[in-house]
Each structure stands twice: as C-alpha cells, then as structure tokens.
Amino acid sequence: MNYLAHLYLSPPGEDAMLGSLLGDFVKGPLTSAEVSKQYSTDITRAIELHRRIDSFTDAHPVVTASRNRVSSGRRRFAGVMIDMFYDHFLAKYWDEFHHRPLDAFTGDFYRLLQRRHTALPERAQRAARFMVELDWLGSYAQLEAVDTALNRMSQRLRRTNTLIDSAEELEHNYAAFERDFRRFMPDVTDFAKTCACRLSLPRPTA
C-alpha cells in the first residue's frame, strides 16, 4: 500500500497517523533501544500495523491478480505500480470510503507533518516537505500525478529500469485495475481494524 492508503487505514490520533507514514522509513526491529527512545508507543505500534498491512497486501490474491496484469517487461516493479494505482482509485473515489472530504483529511495531515517535522527521520523529513508542497496525497486522483510519481521513482533508481512512463499500464487496463481495487479494499480495511485492536491501538475510522 502507498501513503494515502496507509493513512486511510490508520487509527485516529497524531502518533498513530505519523507511525502509519513512518512504516516506509523506519527499518529494522521495533524492539531496539534506539526505536524505543525515539518514538512513542503509539508510533511504534502504528509502524508495526503498517508492516502487517503491507504483508497482507503482498499475499492477497486480488493484488496478485493486479500484479499479473502488468506487462512482463515491467512486472519486476509491479508491486510499486499497484500501490500507486490503488492510491489513485482511493483518491478518485475518496467520498465513497471516508466521511471527511479528501482535502480536509490531507490538510489536517499536512499540518501535522509541519508541526512534528523535527520528530521525523531525515529521509522522512525530505519526503514530507515535498508531500506538503506538491499535495502528493490529493494529487493522486489525477493520472498525470501518478505518472509523475512513478517517473520520479524511476529516476531515483540507480540502474536502468522500466518504471518510466509505467502509468500507461493503468490507462491501458483501467477498468480491470479498478475492479481489483474495489474487491481488495473491504478485505484490507477489515484486516487493519482487527490488527489495530490486537496492537492496542484505536480502531481505524475507515
């Protein structure tokens, strides 16, 4: 799952929301003294929730079907692409999934990132700055923004890769990817709620 989906599935509360983002930036065991010193209990638990959601997503048969829709020349990067495609559909159809408008939801989160900027690791600080300035989360509703994001990822990779212009995979098979997304979302939402309870986090409001 990509940024918007993880925030959508996040339990309420500032620390839980930050942890849901930081799952992409904090690596290694969460029981280390360094992690315990740097992050609150709710941030750490939300990072663990993020990791469990990613594992559930990677193993889900609908997501596997989506990855298999990607052309063979790009399939090595299909996981990254599907994460972005699903964020596109979530942003596009946000009002079907959440009681708050997307711009209000993302605006609150952007303000949280600005207030807590110094609490983020350096790599997350850089990402947060661009996320706020360029409205990454809200922009995903537009295909052009998905294309830009995937091209940006392609440029960050050191080796030649096939991520460049890979949003065309979504355009060429749009209806099928949307069906996959709609089949998957109820399952991952239920999973996130169950995991949050097991981790002693508030239930996600999604």
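Checked against the criteria, ALA127 does not count as more than 28 Å from ASP42 (Cβ to Cβ), in a helix (DSSP H, G or I) and of a type outside the set (Val, Ile, Thr).
Only one of the listed residues (THR118, THR162) is farther than 30 Å from PRO186 by Cβ, part of a loop (DSSP other than H, G, I, E, B) and either of a type in the set (S, T, N, Q) or under 17 Å from the mean Cα position of the chain (by Cα) (or both). That residue is THR162.
Screening GLY79 against (1) crowded, with 17+ Cβ neighbours inside 10 Å; (2) touching a Lys or Arg at 6+ places or on another chain (Cβ under 7 Å); (3) in a helix (DSSP H, G or I) leaves a single unmet condition, (1). With respect to the conditions (1) farther than 25 Å from GLY19 by Cα; (2) assigned to a helix (DSSP H, G or I); (3) in contact with a helix residue (DSSP H, G or I) (Cβ under 9 Å, 6 or more places away or on another chain), ALA175 lacks only one, and its number is (3). The residue that is surrounded by the most Cβ atoms within 10 Å (Cβ to Cβ), among those in the stretch 35-66 that are in a loop (DSSP other than H, G, I, E, B) and of a type outside the set (Phe, Trp, Tyr), is HIS60. Looking at ALA128, ALA104, which is the one that is surrounded by 17 or more Cβ atoms within 10 Å (Cβ to Cβ), at pLDDT 95 or above and either farther than 26 Å from ARG52 by Cα or not hydroxyl-bearing (Ser, Thr, Tyr) (or both)? Answer to the selection: ALA128.
Being out of contact with any Asp or Glu (no Cβ under 8 Å at 6 or more places or on another chain), closer than 17 Å to THR57 by Cβ and exposed (fewer than 14 other Cβ atoms within 10 Å of the Cβ): is that true of ASP180 here? Here the answer is no, as ASP180 does not meet what is asked. Restricting the first member to the stretch 61-74 and to residues that are under 16 Å from MET185 (Cα atoms), and the second to residues that are of a type in the set (Lys, Arg) and assigned to a helix (DSSP H, G or I), the beta-carbon pairs closer than 6 Å and six or more apart or on different chains are VAL62/ARG183.
The values are calculated or read from the model by the stated rules, or taken from the named source; none is laboratory data. Because the structure is a prediction, the values reported are computed rather than measured. In this analysis, Cβ positions are derived from the backbone assuming ideal geometry, glycine residues included, and neighbour counts consider all displayed protein chains.
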